1. Within the range 18-50, can you find the residues that are at pLDDT 95 or above and small (G, A, S)?
2. Go through the range 23-63 and give me each residue that's in contact with a helix residue (DSSP H, G or I) (Cβ under 7 Å, 6 or more places away or on another chain), open to solvent by 70 Å² or more (accessible area, probe 1.4 Å) and under 20 Å from R86 (Cα atoms).
3. Are there any pairs, at least 6 apart or on different chains, whose C-beta atoms fall under 9 Å, with the first in the range 62-83 and over 22 Å from R6 (Cα atoms) and the second among the β-branched types (V, I, T), and if so, which?
4. Would you be able to say whether some residue in the range 104-121 is closer than 29 Å to D35 by Cβ, out of contact with any Gly (no Cβ under 9 Å at 6 or more places or on another chain) and without any contact (Cβ under 8 Å) to a residue 24 or more places away in the chain?
5. May I ask you to list the residues in the range 79-132 that are of a type in the set (D, E), loosely packed, with under 13 Cβ neighbours inside 10 Å and in a strand (DSSP E or B)?
6. Taking the criterion of being over 30 Å from E129 (Cβ atoms), in a loop (DSSP other than H, G, I, E, B) and in contact (Cβ under 8 Å) with a residue 60 or more places away in the chain, would at least one residue in the range 27-43 satisfy it?
7. Do we have any residue at all in the range 89-101 that's in contact with a Lys or Arg (Cβ under 6 Å, 6 or more places away or on another chain) and not acidic (D, E)?
8. Go through F56, F60, F75 for me and flag whichever is assigned to a strand (DSSP E or B) and under 21 Å from L12 (Cβ atoms).
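The values are calculated or read from the model by the stated rules, or taken from the named source; none is laboratory data. Small disclaimer: the values here were computed from a predicted structure and weren't measured. Cβ: placed from backbone, ideal geometry, glycine included. Neighbour counts: every protein chain shown. To get the accessible areas, we keep the full protein, side chains included, count just its heavy atoms, and leave off ligands, DNA and RNA. Shrake-Rupley method; radii C 1.70, N 1.55, O 1.52, S 1.80 Å.
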Amino acid sequence: MSETDRKRIDELSAQISDAFNRRDLDAVMAFFRDDALYVEFNGTENRGKENIRKAFEPQFRGDFGPILFHQEDLFVDENAGKAVSRWRCTLELNGAPQEWSGLDVYVFEGERIKEKHTYAKAAVPLLKEIQA
């Protein structure tokens, strides 16, 4: 990939963030490939646009009040078609303003998201049993 590709990934990342902040689920979903993978911060895997849409619906329905993502850093590996966005999310929970921080790791294939992995700072780490 070239510097042009790096700029395009920067632009795509900004457009994705804007679509989330406008609460435009259709616009967000337009960025995903039909067979995309979205892994939530709790490890839940959602494959395919229909399942990804279902995972996002509570957020876009307003179940957590107004949610805004404030991008703090963006790291792009244009050769791999990947980006890491470090963000702070503000929301209203039980009538009180809250915030949390996290990362989204994007894998792009062309103009679309092939994979989105979300990681978040938490009071307790998510532990999984290792299968031998």
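1. A19, A27, A30, A36, G48
2. R23
3. From the range 62-83, the pairs are P66/T90; I67/T90; L68/T90.
4. yes
5. E99, E109
6. yes
7. Within the range 89-101 (the criterion being in contact with a Lys or Arg (Cβ under 6 Å, 6 or more places away or on another chain) and not acidic (D, E)), the answer is yes, since at least one residue qualifies.
8. Details: F56 fails: assigned to a strand (DSSP E or B); F60 fails: assigned to a strand (DSSP E or B).
Exactly one of F56, F60, F75 is assigned to a strand (DSSP E or B) and under 21 Å from L12 (Cβ atoms), namely F75.
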